[in-house]
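The values are calculated or read from the model by the stated rules, or taken from the named source; none is laboratory data. Every value quoted in this text rests on a predicted model; they were computed, and no experiment measured them. Cβ atoms come from the backbone with ideal geometry, glycine included; neighbour counts cover every protein chain shown. All accessible areas refer to the heavy atoms of the entire protein, side chains included, with ligands and DNA or RNA removed. Shrake-Rupley method; radii C 1.70, N 1.55, O 1.52, S 1.80 Å.
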Amino acid sequence: MRESILVLDFGGQYNQLIARRVRECNVYCEVHPYTMKIEEIKAMAPKGIILTGGPNSVYDMASPHAEPELFELGIPVLGICYGAQLMAWTLGGKVSTAPVSEYGKTEVMVSDKDGLLKDVSDRTIVWMSHTDYIEAVPEGFKATASTPVCPVAAMENDAKKLYAFQYHPEVTHSEEGMKMLSAFVYGPCGCKGDWKMDSFVESSIESIRQKVGDGKVLCALSGGVDSSVAAVLLSKAVGKQLTCVFVDHGLLRKNEGDEVEAIFGPEGNYDLNFIRVNAQQRFYDKLAGVTEPEAKRKIIGEEFIRVFEEEAKKIGAVDYLVQGTIYPDVIESGLGKSAVIKSHHNVGGLPDYVDFKEIIEPLRMLFKEEVRKAGLKLGLPENLVYRQPFPGPGLGVRIVGEVTAEKVKIVQDADAIYREEIAAAEAEGLIPAYGQPGALGQYFAALTNMRSVGVMGDFRTYDYAVALRAVTTSDFMTAESAHLPWEVIEKVTSRIVNEVDHVNRVFYDCTGKPPATIEFE
């Protein structure tokens, strides 16, 4: 059985980051709601359990709690933030409202290096986010780190293999957080580190082959990284039993439909059954008059499925539909008691009725960087594997308000200019190229729903404002607005207002995630 770490989700928004960090230690990790039954946990037989943060107070009986038996299984347990307080409270310690709340980068003093903090500096920076604190540790525990206002920043009971951090080691601002998580995974959990993309690709191909048998498979191919990796993975597994349908919904980036066909079509490098469906007007008609973001997402998701059903009927009985859903899609669509940020096209945007036996999502448990690694193992070219992320609903969520063909052309042209100038700036060394420290994680142009007065030549204009977005991120769960050189922004702005019809203003989005999401809708 593959070794694994189980993360129990108590409702925080950094929860999937924990799983990603554990996987960076080459150990497989899954996230499940805190309501997971003890018998299910025993059946899963994890090497360790991590309890996540959350927005509640453990002494409020309406808050999520864990069964005391969780701490008696003999499985090492690490509590983080709310999870740390939950461990203390459940086992007889005291948790109270802190006299002083801590938020952001905080220096902690390490007082004991016999356990998980053995390789950590005496003073280290961590990311705090709490209003409650552990006032007194349970019997058998010792405090191992503190701050001037938090007497128990970390605690442990090594005899029972129970550990707790008040702070968030998974966040990049915790300077030695990976050392701490690695110490848990490879120390008390005794993991060996067998989670590698080679084994994932091989096992996925074999499991897909067994599941599908001689059935027919239809793959939703958008040309993005996720769906492309899913398509090639399925092709390796079932060959000509797979038909890839590329739906051009009219919400793609400029010239992208033709580029996708050039890669995967008859003249491309892959032995795929490829069908292109030009359904632009169909989507525009469905989206006419719709302004609410969730409504747009669900309309686009439902139309995708309807198009696939129609194509399936044309090619005969189809048993399975393949989608490139990845783990962050699942998380942000709501897992357990976590807040629903937005439904994703591949998850919450699906209609209730789907005319297939089953939906196969081979990448569902992977983070974006893991998908890229899988793509390289499958032999996809680097320029495809490392291309810019693009949402399933496409420009539908980069156009604020109603979607029309005219607005799509505006944002396509503006985005093409922006991408050209970013590429030029990277080539000139003005900004770091992909793979270098500080490189852009994602960048695009969006169309706001704001119109304002301007002047071009001797004429008054009343046109749209384009917003430019660029972020740096390691995981797409959190992101910071990129500090682009002014000369780059200035050049992009000049080109857009001069070359794109119906645009007279350009804004730059300076907001991080949180509080914003990366996409506009």
Quick one: in region 44-54, which of the residues that are among the hydrophobic types (A, V, I, L, M, F, W, C) and over 24 Å from the mean Cα position of the chain (by Cα) is surrounded by the fewest Cβ atoms within 10 Å (Cβ to Cβ)? 45
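A quick yes/no check of all residues on (1) open to solvent by 20 Å² or more (accessible area, probe 1.4 Å); (2) in a helix (DSSP H, G or I); (3) touching a residue at least 12 places away in the same chain (Cβ under 8 Å):
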| site | (1), (2), (3) |
| --- | --- |
| 39 | yes, yes, no |
| 56 | yes, no, yes |
| 64 | no, no, yes |
| 78 | no, no, yes |
Qualifying residues in region 151-175 (those that are open to solvent by less than 40 Å² (accessible area, probe 1.4 Å) and within 23 Å of the chain's Cα centre (by Cα)) - the one farthest from residue 48 (Cα to Cα): 174
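So in region 80-115, with the set limited to residues that are outside any strand (DSSP E or B) and at positive phi, which one is most open to solvent (accessible area, probe 1.4 Å)?
Restricting to residues being outside any strand (DSSP E or B) and at positive phi, the top hit is 92.
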1 or more residues over 15 Å from residue 21 (Cβ atoms) and touching a residue at least 60 places away in the same chain (Cβ under 8 Å): qualifying strands (runs of 3 or more DSSP E) within region 136-204: 150-157, 162-165
When you scan region 453-462, do you find a residue that is part of a helix (DSSP H, G or I) and without any contact (Cβ under 8 Å) to a residue 24 or more places away in the chain, even just one? no
Run down 446, 465 and say which single residue is small (Gly, Ala, Ser), under 26 Å from the mean Cα position of the chain (by Cα) and surrounded by 15 or more Cβ atoms within 10 Å (Cβ to Cβ). 446
Residue check, residue 470 free of Cβ contacts under 8 Å to residues at least 60 places away in the same chain, within 14 Å of residue 398 (Cβ to Cβ) and within 23 Å of the chain's Cα centre (by Cα): yes
Quick check, is residue 361 open to solvent by 20 Å² or more (accessible area, probe 1.4 Å), touching a helix residue (DSSP H, G or I) at 6+ places or on another chain (Cβ under 9 Å) and modelled with pLDDT under 95? yes
Kindly list, by first and then second residue, each pair from a residue in region 269-280 that is over 11 Å from residue 244 (Cβ atoms) to a residue that is surrounded by 17 or more Cβ atoms within 10 Å (Cβ to Cβ) and of a type in the set (Asp, Glu), limited to pairs with Cβ atoms under 6 Å and residues at least 6 apart or on different chains. 278/248
What do you reckon, is residue 53 touching a helix residue (DSSP H, G or I) at 6+ places or on another chain (Cβ under 7 Å) and over 23 Å from residue 193 (Cα atoms)? yes
